[in-house]
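Worksheet: the structure to be examined is printed underneath.
The values are calculated or read from the model by the stated rules, or taken from the named source; none is laboratory data. This is a predicted model, so every value here is computed, not measured. In this analysis, Cβ positions are derived from the backbone assuming ideal geometry, glycine residues included, and neighbour counts consider all displayed protein chains. The protein model used for the area step is the full one, side chains on, heavy atoms only, and it has no ligands, DNA or RNA in it. Shrake-Rupley method; radii C 1.70, N 1.55, O 1.52, S 1.80 Å.
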Amino acid sequence: MEAYSKTKYRNVFKEIGKSDEDINKKIDEAFDVFFYDEKERIYHEAGTDMGYLEDTGNNDARTEGMSYGMMMCVQLDKKEEFDRIWKWAKTYMYMETGEHEGYFAWSCQTNGKRNAESPAPDGEEYFAMALFFASHRWGDGEGIFQYSKEARQILKACLHKGENGRQGAPMWNKDNGQILFVPGSDFTDPSYHLPHFYQLFALWADEEDRPFWKKAAEASRKYLVTACHKETGLNAEYANFDGSPMTKDFPWGNFGNFFSDAYRTAATIGLDAEWWKDDKGQFAVPLRMMNFFGTDLEAVRCEYKIDGTPLQRPVLHPLGLLSTIAQSALAIPYSSEKGSPFETAAKWVEWFWNQPLRKGERRYYDNCLYLFALLALSGRYRIW
């Protein structure tokens, strides 16, 4: 479990011939646009000591984006922005009473008023991981800035809600070790499965919970093998515990196909390969996906069934999809041989390199995934 301390992080951009100067410039410019460009930024300061990330397509702040922003900041050593985002989340999103006490409301207006009184588990897991990294990189402070304590409290709620008279439900199924779509649900979201995080939670969470997190890491790696189609590599947005796509219709739509949420799974597999190299079969998924989409970027323009059947619905986030496929190249070993799997991966990384940040109304999700891919492919998305 301590092998991470000896990890040598790949710089895939250098592997395809990019210079250190150009790589660093690209990351710095992307961060500046994402956080500070007056027209295109996602991040906004609030008052003297807070800040939030706005979902520009929905004009709200979500735990997804807030926790993503914290992870970006700790990776890039941006402590002021990290603390501002965390204080905004803790002030407006954190629920101190009721059924979801200990969790974060998944959506708030940009003035802090809640749009929901319920959580989305991907926010909690990213909050906890970013806080642990902040503790190790900068040291714990006081109050809400005692980062490691805050991280452990989040994870404790995620596992122990509903026990000993406590209201609510946990975010993980204790029997199968899988994360839930929402607390108490009977299905999951494959893109929520982050085994590379859970393996670290097994080191740093409350000692009594560490065996569970080790189990969760193992369960998620095996789950991703079953959730990703054996030929195309595609996975559904929502899925059953056996990996099969969700067929149920929800009031907000049908989510049994390869669409926006689902893109993140490939990126997870790539980063897990980089950090832990624990392959249960999931590392074969990225190449299957790359081969499915082929050499024509137009193939990423529509929704698909996981067997590869194209549907009429156009993608909302083409840059996000390209970013995650490129990040998944981390699961494919470097090779200079012509015709090797890495030659295929290198094409996707080159395509990604040549794409700018997205502009306009829908830029939030795409640019979050874009910035994560920049960090991962440059070797700057690290365990701290």
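Tabulated data for the structure shown
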quantity: Helical mean residue ellipticity (222 nm; -39500 (n - 2.57) per DSSP H run of 4+; nearest 500) of the chain; calculated: -13500 deg cm²/dmol
quantity: Relative contact order, percent, the chain [alpha-carbon distance under 8 Å, six or more residues apart]; calculated: 16 percent
quantity: Size of the range 252-374 as Cα extents on the principal axes (Å, biggest first); calculated: 42, 30, 28
quantity: Accessible surface ranking that places the most exposed of 330, 203 first, with a 1.4 angstrom probe; calculated: 203, 330
quantity: Candidates per trypsin sites (Lys or Arg not before Pro) in the range 87-116, loop by DSSP, up to 13 other Cβ within 10 Å; calculated: 113
quantity: Sparsely packed trypsin sites (Lys or Arg not before Pro) within the range 24-75, loop by DSSP, other Cβ within 10 Å at most 11; calculated: 39
quantity: Length released on extending from residue 7 to residue 296, taking residue separation times 0.36 nm less the Cα-Cα span; calculated: 100.6 nm
quantity: Length gained when the stretch residue 252-residue 32 is fully extended (0.36 nm per residue, less Cα-Cα span); calculated: 75.8 nm
quantity: The range 148-212-the range 1-73 distance, computed between alpha-carbon centres (Å); calculated: 26 Å
quantity: Sparsely packed trypsin sites (Lys or Arg not before Pro) within the range 137-202, loop by DSSP, other Cβ within 10 Å at most 15; calculated: 166, 174
quantity: The range 78-196, relative contact order in percent, only Cα pairs under 8 angstrom and at least six apart counted; calculated: 18 percent
quantity: Calculated FRET value between residue 96 and residue 207, using beta carbons and R₀ = 35 Å, to 0.05; calculated: 0.85
quantity: Whole-Å semi-axes of the range 1-157's equivalent ellipsoid (Cα gyration tensor); calculated: 28, 21, 14
quantity: Of 87/277; 78/347; 149/277; 39/87, those spanning more than 26 Å from alpha-carbon to alpha-carbon; calculated: 87/277; 78/347; 149/277
quantity: Inter-site label distance for residue 384 and residue 242 at 7 Å from Cα along Cβ, in nm; calculated: 4.3 nm
quantity: Kirkwood-type radius of the chain, with distances r between different C-alpha atoms, in Å; calculated: 20.8 Å
quantity: Total formal charge among the other residues, if their Cβ is under 11 angstrom from that of residue 99, Lys/Arg +1 and Asp/Glu -1; calculated: 0
quantity: In range of the label at residue 307: residues from the range 243-277 whose backbone nitrogen is under 13 Å from the point 7 Å along Cα→Cβ; calculated: 245
quantity: Packing-based order for 182-189, 285-292, 246-253, using average beta carbon neighbours within 10 Å, highest first; calculated: 285-292, 182-189, 246-253
